[in-house]
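First the structure, in the form of structure tokens, and then the observations on it.
The values are calculated or read from the model by the stated rules, or taken from the named source; none is laboratory data. As the structure is a prediction and not an experimental result, all values here were calculated from the model. Heads up, the Cβs are rebuilt from the backbone with ideal geometry, glycines too, and the neighbour counts pull from every protein chain shown. SASA here: full protein model, heavy atoms, side chains in, ligands and nucleic acids out. Shrake-Rupley method; radii C 1.70, N 1.55, O 1.52, S 1.80 Å.
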Amino acid sequence: MVRRVAVVGAGVSGLAATKCCLEEGLEPICFEQSEDVGGLWRYTDQAEEGRASIYRTVFTNSCKEMMCYSDFPFPDDHPNYMHNARVQHYICKYAEHFDLLRHIQFKTLVINVKKHPDFSVTGQWEVVTQRDGKEETAVFDAVMVCSGHHVYPNLPLADFPGIQKFKGCYFHSREYKEPEKFRGKKVLVVGLGNSGCDIAVELSTVASQVYLSSRSGSWVMSRVWDNGYPWDMLVITRFRTWLGNILPRALSDWLYVRAMNRFFKHENFGLMPLNRTSRKEPVFNDDLPSRIACGVVVMKPNVKEFRETSVLFQDGTVQDDVDAVVFATGYSYSYPFMEDNSIIKSRDNQVTLYKGILPPQLEKPTMAVIGLVQSLGPIIPTVDLQCRWAVKVFQGQCMLPPVSEMIDDVDEKMGKKLKWYGSSTTLQTDYITYMDELASAIGVKPNVLKLLLTDPWLALEVVFGPCSPYQFRLMGPGKWNGARKAILTQWDRTLQ
């Protein structure tokens, strides 16, 4: 019987895990190395070791109706896209509202998680923590790893010949906080992800010139979509997902490219992805096309070589007098506290988790990795549902197939990732398909046919409206009485 659960990290995933455990009568202890909740969203002026780090001006890419916890909407008066400080405030309110803070041990670092000697019988784990220099070991019936994957910077300097000769400054985007010290300078930003684009646009307001280098291009989307509504409330719908799944691949690809090019033609701006039909996560930036059009951001191909004060690009062009380089080259996921790292990364350093959560080869299913997925959808409702699924597995209320079937399922999904995203190592997944898969397993997926008979107005909103988190609280375990009203009034709050 699982009773005591160790939760590693008190960000959005760790808080959801703690709440789900409490709701199911378990005893969670959440370990957080900093002094407050929030994880990624808790801004600090300096990047801290072992913690995610954001720059001062980070805003959300998902709107408030889509990115909230499924039973805790954002306040009505909040804007649709929020500054990180507002999100942090909301996370604190969530922790207070559900009385989670007393289950969190702050300033406590998890330094080792290993199987108990009789793991094959009990499924228990030994968790070693450190606080004020003192180590403590405790035994838990299950572990929920909620430490995130934006902590350990990926800085592949070996891919950039001559970087040691470069006389300017260079650093990973994790270290970037604000633009002022780059006033009047020439800055190269390497990487066309969300961070790279945000930083390039922000630097362009003070730098004399910004160059943005991309190896493979990317789709760039606006947060503001048709008629000024949030993109995700129009794009992330059950109807669109169903349509995308039944259409022939060629037609689906054509519609996808057409939708991505609806505001501007990517190839005219040097942004077109090399694999134009790849569904890899787009970049959200409302300002980048206009900054390119104004000439303050100049698109460049991949870097071929660094020199003392200049940079040679793959197309043969050379840019002189570059003062600084920001490597927005992403993160590598790492779990330094795991004694046996192969539990999570079991094959060719790839993540092979059943349902993106559970290491399939464990003798007992008592570890869940939360938040190690990416989709064209919001992370908070995703981790919320992952935690609900994981806790049901711990309690034996959600039955698992044999190990061989779980591994086959992982392999099948890797094949799909190769087809849709161009890589099997990616953490990408389709948002609604993934959410419905987890929801079906624990009996909380909305039953559209039943709704059509009993509540047709709600059914139409569930199918054709945004797939907002409240849908997964309409029925089944964990049902929330406010879910129906929240769905039927979501457009009102968006307009407000």
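Would you mind working out the accessible area per residue for the chain, using a 1.4 Å probe, and quoting it in Å²? Please list the in-between numbers first.
Values: 21580 Å² over 496 residues.
Accessible area per residue, the chain: 44 Å².
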From the backbone phi of segment 433-449, what are the Karplus-calculated ³J(HN,Hα) couplings (6.51 cos²θ - 1.76 cosθ + 1.60, θ = phi - 60°) in whole Hz, Gly and Pro given as x?
-> 4, 5, 4, 5, 4, 5, 5, 4, 5, 10, x, 10, 6, x, 8, 5, 4
Accessible-area ranking of TRP480, TRP41, TRP254, largest first, probe 1.4 Å | TRP254, TRP480, TRP41
Mind checking which aspartates and glutamates have their C-alpha under 17 Å from LYS115, skipping anything on the same chain fewer than 8 residues away?
-> GLU126, GLU136, ASP141, GLU339, ASP340, GLU363
Suppose every K and R has +1 on its Cβ and every D and E has -1 on its Cβ; what is the size of the dipole of segment 84-165 about the Cα centre, in Debye to the nearest 20?
-> 340
For the chain, with all protein chains present and a 1.4 Å probe, just round the carbon and sulfur fraction of the accessible area to a whole percent.
-> 51
Fully extended contour minus Cα-Cα distance, from ASP118 to VAL257, at 0.36 nm per residue = 44.7 nm
Per q in 0.13 1/Å, what log10 I(q)/I(0) does a Debye calculation on the alpha-carbon atoms of the chain return?
-> -1.37
Violations at 27 Å Cα threshold for listed pairs LYS413/LYS485; LYS93/LYS485; LYS93/LYS479; LYS19/LYS355 -> LYS413/LYS485
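Arranged from highest to lowest average of other beta-carbon atoms within 10 Å per residue, in what order do the peptides 436-445, 166-175, 1-10 appear? Walk me through the intermediate numbers first.
Details: 436-445: 18.6, 166-175: 17.1, 1-10: 23.2.
Going by the mean number of other Cβ atoms within 10 Å, highest first, we get 1-10, 436-445, 166-175.
Please get the size of the charge dipole for segment 126-245, origin at its Cα centre, with Cβ charges of +1 on Lys and Arg and -1 on Asp and Glu, quoted in debye to the nearest 20.
720
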Tell me what the chain gives for mean residue ellipticity at 222 nm when only DSSP H runs of n ≥ 4 count, each as -39,500 (n - 2.57), the sum divided by the residue total, rounded to 500 deg cm²/dmol.
-> -9000 deg cm²/dmol
Roughly speaking, what is the stretch gain from ASN302 to SER222, that is 0.36 nm per residue apart minus the C-alpha to C-alpha distance, in nm to one decimal?
-> 26.4 nm
Leading residue at positive end of dipole, segment 197-328 (Cβ point charges), from GLY217, MET299, ALA200 = GLY217
Cα-based helix-to-principal-axis angle, 12-23 vs the chain, degrees rounded to 10 = 10
Along the dipole axis of the chain (charges at Cβ: +1 for Lys and Arg, -1 for Asp and Glu; origin at the Cα centre), the most positive-end residue among ALA142, VAL369, PRO73 is PRO73
Among 365-375, 176-186, the order from most to least packed when residues are scored by Cβ within 10 Å on average | 365-375, 176-186
Can you run phi through the Karplus equation (6.51, -1.76, 1.60; θ = phi - 60°) for segment 193-201 and list ³J(HN,Hα) in whole Hz, with x for Gly and Pro?
-> x, 4, 5, x, 5, 4, 5, 4, 5
Taking the Cα centre of the chain as origin, work out the dipole magnitude from +1 charges on Lys and Arg Cβ and -1 charges on Asp and Glu Cβ, in debye rounded to 20.
-> 860
Applied in sequence order to segment 67-77, the curve 6.51 cos²θ - 1.76 cosθ + 1.60 (Karplus, θ = phi - 60°) yields integer Hz couplings, x standing for Gly and Pro, of 9, 7, 5, 5, 10, 8, x, 5, x, 4, 8
If ligands, DNA and RNA are left out, what is the accessible area of ASP198 with a 1.4 Å probe, given in Å² to the nearest 10?
-> 40
Which of the peptides 235-248, 78-91 is most tightly packed, and how do the rest follow, going by the mean number of other Cβ atoms within 10 Å of each residue?
-> 78-91, 235-248
27 Å Cα-Cα reach of LYS167 towards lysines, excluding residues that sit fewer than 8 places from it in its own chain = LYS177, LYS181, LYS185, LYS186, LYS300, LYS304
